[in-house]
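Since the structure comes first, as structure tokens, the remarks are kept for the end.
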Amino acid sequence: MSGFKDHFSGHAAHYAAARPGYPDALFDWLADQAPARALAWDAGCGNGQAAVALAARFDAVYATDPSATQVAAAAPHPRVRYAVEPAEACALPDASADLIVVAQALHWFEHARFFAEAARVLRPGGVLAALSYGLTHVDAAVDAVFMRLYDSALGPYWPPERRLVESGYAGLAFPFDPVEPPVVDMRCDWNLAQYLAYLRSWSASQRHINATGRDAVTEAEADFARAWGDASSIRAVRWPLAVRVVRKPRG
């Protein structure tokens, strides 16, 4: 657990309720890339969204997170076994996993140690996939308020690892041979309350509250409401989804 930076345990239940889901088509594709569908490992599982999606496609899923609070709030599933442990020290045996998925979590890992662990746990031909989604897009008016919140109000409260998310992990040197992923759309149809709940789930939003006693999202809510229009109206919220995939050699 050394080096674990816990940005989410304090609001794990809110995080689980407010975060967007990943496209089913992406998990279908990842399952097709795996050499078999016996076991998938969801590393840094958080609220278990990816783990449950994988359980629809694999016989068993091992889902790990160093936060006991996050694991306690994760969605149960009969084929998912949750464990509180760091991604850099997995309890799975050597060459046991067909697929490893890291969904919106790789930026928190100690990368050299995790990649070594992934190499140990993956079976020959196994696949490692890192997913990350960046800044939301609704429309020009909402996006302008969003950027004021993201850069100005919350700018000093973002941990430095956030830069890796903004780049889609482009600066990380992954092991093994790259696999070209499909282009998929990540989208939720939300009302204003759902959208604001997502913004409050950010680590920077929670750090701002803890440091100042003020909720930056609430302070921006009137501006968001003017830009959104009818608060009950459903708007399409989109994220750029970055997917980096590599395959362990079979030989």
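No value in this document is a laboratory result; all are computed from the given coordinates. Because the structure is predicted, anything quoted here is derived from the model rather than measured. Note: ideal-geometry Cβ built from the backbone for every residue, glycine included; neighbour counts use all protein chains shown.
General remarks:
- If both residues of a DSSP beta bridge must be in the chain, then about 45% of such bridges are antiparallel.
- Inter-label distance, residue 225 to residue 211: 2.7 nm, where each label sits 7 Å from its Cα along the C-beta direction.
- For the stretch 13-118, the fraction of alpha-carbon pairs lying more than 17 Å apart is 48 percent, rounded to a whole number.
- Between the stretch 51-130 and the stretch 231-246, the alpha-carbon center distance in angstrom: 23
- Residue among 134, 125, 229 with the largest mean-square fluctuation in a Gaussian network model of the chain, springs linking Cα atoms under 10 Å: 229
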